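Chemist: Following this message is one structure expressed as structure tokens.
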Amino acid sequence: SGINAVGRNEGDTFASSDLNNPNFQFRQGAVSMDLPWVLKFSGIYEMPYGITAAGNVQSYAGSPESSTVQVASNTVTLTQVNQSIQVEPRGETRTPSLTLVDVSFRKILRLNDRTFEPVFEMHNLLNVATVQSRNAVLGPSYGVAANISRGRLLKFGVNIKF
């Protein structure tokens, strides 16, 4: 049986019942995306001069990884030519946790029966560059980032209603 903890999605991660497969040993671990915690906060505030400020904070636990080692029949006796072998249960290592902060400002301007709403948004305000996925195969490139969170994004726009 796997480790049981609040907010954890753990179970059998190995689809085969072949007892000779070396991956049978670490068959229990984090299933699917298993994010043990996710926090989200958002709010809107009406500032002076009719300016609306909104904010959003999202924080996620790191995604589970499967650390493996690639072996070939010339290094160990295998029933296959090459095989990827898990060296620990899935989820023992995880990508770093991610926290994103987004803010937006807008103001409604009226001209006759038309409405203009300038909008300014900043996504990833803190400009974090958190690793989202990385190489989990043991070797010289183990842990090298394959994908990081997108950088700060500034958006300007105008909503027009007529």
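Chemist: Can you list residue pairs whose Cβ atoms sit under 7 Å apart, with the first residue in the range 52-67 being under 25 Å from Val87 (Cβ atoms) and outside any strand (DSSP E or B) and the second being open to solvent by less than 20 Å² (accessible area, probe 1.4 Å) and β-branched (Val, Ile, Thr)? Count only pairs 6 or more apart in sequence or on different chains.
Modeler: That search, which allows pairs on different chains as well, returns Gly62/Thr95; Ser63/Thr95; Glu65/Thr95.
Chemist: Restricting attention to the range 107-128, which residues are open to solvent by 70 Å² or more (accessible area, probe 1.4 Å) and either at negative phi or modelled with pLDDT under 95 (or both)?
Modeler: If the condition is that a residue be open to solvent by 70 Å² or more (accessible area, probe 1.4 Å) and either at negative phi or modelled with pLDDT under 95 (or both), then Ile108, Leu109, Arg110, Leu111, Asn112, Asp113, Arg114, Leu126 are the ones that fit.
Chemist: Let me ask something else. For the range 69-86, name all the residues that are at pLDDT below 85, closer than 23 Å to Arg134 by Cα and either of a type in the set (Val, Ile, Thr) or open to solvent by less than 40 Å² (accessible area, probe 1.4 Å) (or both).
Modeler: Once the filter is applied, which keeps residues that are at pLDDT below 85, closer than 23 Å to Arg134 by Cα and either of a type in the set (Val, Ile, Thr) or open to solvent by less than 40 Å² (accessible area, probe 1.4 Å) (or both), the range 69-86 yields Val71, Ala72, Gln83, Ile85, Gln86.
Chemist: Here's something else I'd like to know. If we scan the range 70-81, do we find a residue that is under 28 Å from the mean Cα position of the chain (by Cα), farther than 30 Å from Ser42 by Cβ and touching a residue at least 24 places away in the same chain (Cβ under 8 Å)?
Modeler: Yes, the range 70-81 has at least one match.
Chemist: Continuing with this model, one more query. Can you confirm whether the range 129-147 contains a residue that is among the aromatic types (Phe, Trp, Tyr), over 16 Å from the mean Cα position of the chain (by Cα) and at pLDDT 95 or above?
Modeler: no
Chemist: Are there any pairs with C-beta distances below 7 angstrom linking a residue in the range 135-154 that is of a type in the set (Phe, Trp, Tyr) to a residue that is assigned to a loop (DSSP other than H, G, I, E, B), with the two at least 6 apart or on different chains, and if so which?
Modeler: Tyr142/Asn135
Chemist: A further question follows. Out of Arg134, Arg114, Arg106, Arg110, which single residue is basic (Lys, Arg), within 18 Å of Ile44 (Cα to Cα) and out of contact with any helix residue (DSSP H, G or I) (no Cβ under 6 Å at 6 or more places or on another chain)?
Modeler: On inspection, the qualifying residue turns out to be Arg106.
Chemist: Okay, next question. Within the range 44-65, track down each residue that is of a type in the set (Ser, Thr, Tyr), over 15 Å from Leu100 (Cα atoms) and open to solvent by less than 40 Å² (accessible area, probe 1.4 Å).
Modeler: Of everything in the range 44-65, those that are of a type in the set (Ser, Thr, Tyr), over 15 Å from Leu100 (Cα atoms) and open to solvent by less than 40 Å² (accessible area, probe 1.4 Å) turn out to be Thr52, Ser63.
Chemist: Val158: open to solvent by 50 Å² or more (accessible area, probe 1.4 Å), under 23 Å from Ile85 (Cα atoms) and out of contact with any His (no Cβ under 6 Å at 6 or more places or on another chain), yes or no?
Modeler: The answer is no for Val158.
Chemist: For the range 109-154, which positions are touching a Phe, Trp or Tyr at 6+ places or on another chain (Cβ under 7 Å), part of a strand (DSSP E or B) and not aliphatic (A, V, I, L, M)?
Modeler: Arg114, Phe120
The values are calculated or read from the model by the stated rules, or taken from the named source; none is laboratory data. Quantities reported herein were computed from a predicted structural model and do not represent experimental measurements. Because the Cβ atoms are built from the backbone with ideal geometry, glycine has one as well, and the counts that use them run over all protein chains shown. What goes into the accessible areas is simple: the full protein's heavy atoms, side chains included, and nothing from ligands, DNA or RNA. Shrake-Rupley method; radii C 1.70, N 1.55, O 1.52, S 1.80 Å.
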